[in-house]
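Encoded as structure tokens, the structure appears first; notes follow it.
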Amino acid sequence: MLKTGILNPHLSSLLSRIRHTNLLVIADRGYPYWPQLETVDISLVDDIPTVLDVVRAIRPNYSIGQAWMAEEFLANNDQEVQQRFRDALSDVVVAFEPHIDLKRRTAGAIGLIRTADTIPYANLVLESA
């Protein structure tokens, strides 16, 4: 029996199949459904878990080369929220692009983790290093 790390078997399986330069999406509760993408929905109730909960859980064993977020995240969230994301991704280059472009980038991902996050535009597209 696993005692540490990612305990959710579907999520663990998805993460184990992501290779160098593959994309992974960690999305909020309102992100569109992508039928062609493997989706692990771990939402429970509002904000349990959040995008940053997932980022913190996967970081010890998942190498992020680059990340993308929607420009709208900056316009719709205060400095405290923005700082929490900067802290969680402190050593990762984060590029900002229009939300519609972020959604287009999603189509190339290996999988999508849907959270219950209610922070506007808290979605991340992560490229594995």
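The values are calculated or read from the model by the stated rules, or taken from the named source; none is laboratory data. Nothing here was measured: the structure is a model prediction, and the numbers come from that model. Counting neighbours? That spans all protein chains shown, and the Cβs are built from the backbone with ideal geometry, glycine included.
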Scan of region 33-52 for residues that are under 18 Å from Leu126 (Cβ atoms) and not charged (D, E, K, R), ordered by number = Trp34, Leu37, Thr39, Val40, Ile42, Pro49, Thr50, Val51, Leu52
inquiry  = Just to be sure I understand the filter: pairs with C-beta atoms under 7 Å, separated by 6 or more residues or on different chains, first member in region 1-28 and under 14 Å from Ile110 (Cβ atoms), second member aromatic (Phe, Trp, Tyr) and assigned to a loop (DSSP other than H, G, I, E, B). Which pairs pass?
reply    = Leu15/Tyr62
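Which one is nearest to Glu72 (Cα to Cα) among residues in region 1-32 that are among the hydrophobic types (A, V, I, L, M, F, W, C) and in a loop (DSSP other than H, G, I, E, B)? Break it down stepwise before answering.
If we filter region 1-32 for residues that are among the hydrophobic types (A, V, I, L, M, F, W, C), which is where we start, we get 1-2, 6-7, 11, 14-15, 18, 23-27.
Now drop any that are not in a loop (DSSP other than H, G, I, E, B), which leaves 1-2, 6-7, 18.
Values: Met1: 42, Leu2: 39, Ile6: 30, Leu7: 33, Ile18: 28 Å.
Looking at residues that are among the hydrophobic types (A, V, I, L, M, F, W, C) and in a loop (DSSP other than H, G, I, E, B), I get Ile18.
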key: Members of region 33-54 that are part of a strand (DSSP E or B) and either of a type outside the set (D, E, K, R) or in contact with an Asp or Glu (Cβ under 9 Å, 6 or more places away or on another chain) (or both)   = Thr39, Val40, Val45, Ile48
query = Out of all the residues in region 85-98, which are of a type outside the set (A, V, I, L, M), part of a helix (DSSP H, G or I) and surrounded by 15 or more Cβ atoms within 10 Å (Cβ to Cβ)?
reply = Phe85
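On the given criteria, is Leu44 under 24 Å from His10 (Cβ atoms) and within 11 Å of the chain's Cα centre (by Cα)?
Details: under 24 Å from His10 (Cβ atoms): yes; within 11 Å of the chain's Cα centre (by Cα): no.
Here the answer is no, as Leu44 does not meet what is asked.
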note = Taking first residues from region 53-71 that are farther than 10 Å from Leu126 by Cβ and touching a residue at least 40 places away in the same chain (Cβ under 8 Å) and second residues anywhere that are aromatic (Phe, Trp, Tyr) and not in a strand (DSSP E or B), the pairs with Cβ under 6 Å that are 6 or more apart or on different chains are Ala70/Tyr121
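Suppose we filter Leu74, Leu89 for residues that are in contact with a strand residue (DSSP E or B) (Cβ under 8 Å, 6 or more places away or on another chain) and over 18 Å from Ser128 (Cα atoms); which single one remains?
On the way: Leu89 fails: over 18 Å from Ser128 (Cα atoms).
From the options Leu74, Leu89, the qualifying one is Leu74.
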Where Thr118 falls short, out of the listed (1) of a type in the set (Ser, Thr, Tyr); (2) touching a strand residue (DSSP E or B) at 6+ places or on another chain (Cβ under 8 Å); (3) modelled with pLDDT of 95 or more = (2)
message = Quick check on Ser128: is it closer than 29 Å to Thr4 by Cβ, touching a His at 6+ places or on another chain (Cβ under 8 Å) and either among the aliphatic types (A, V, I, L, M) or in contact (Cβ under 8 Å) with a residue 40 or more places away in the chain (or both)?
response = yes
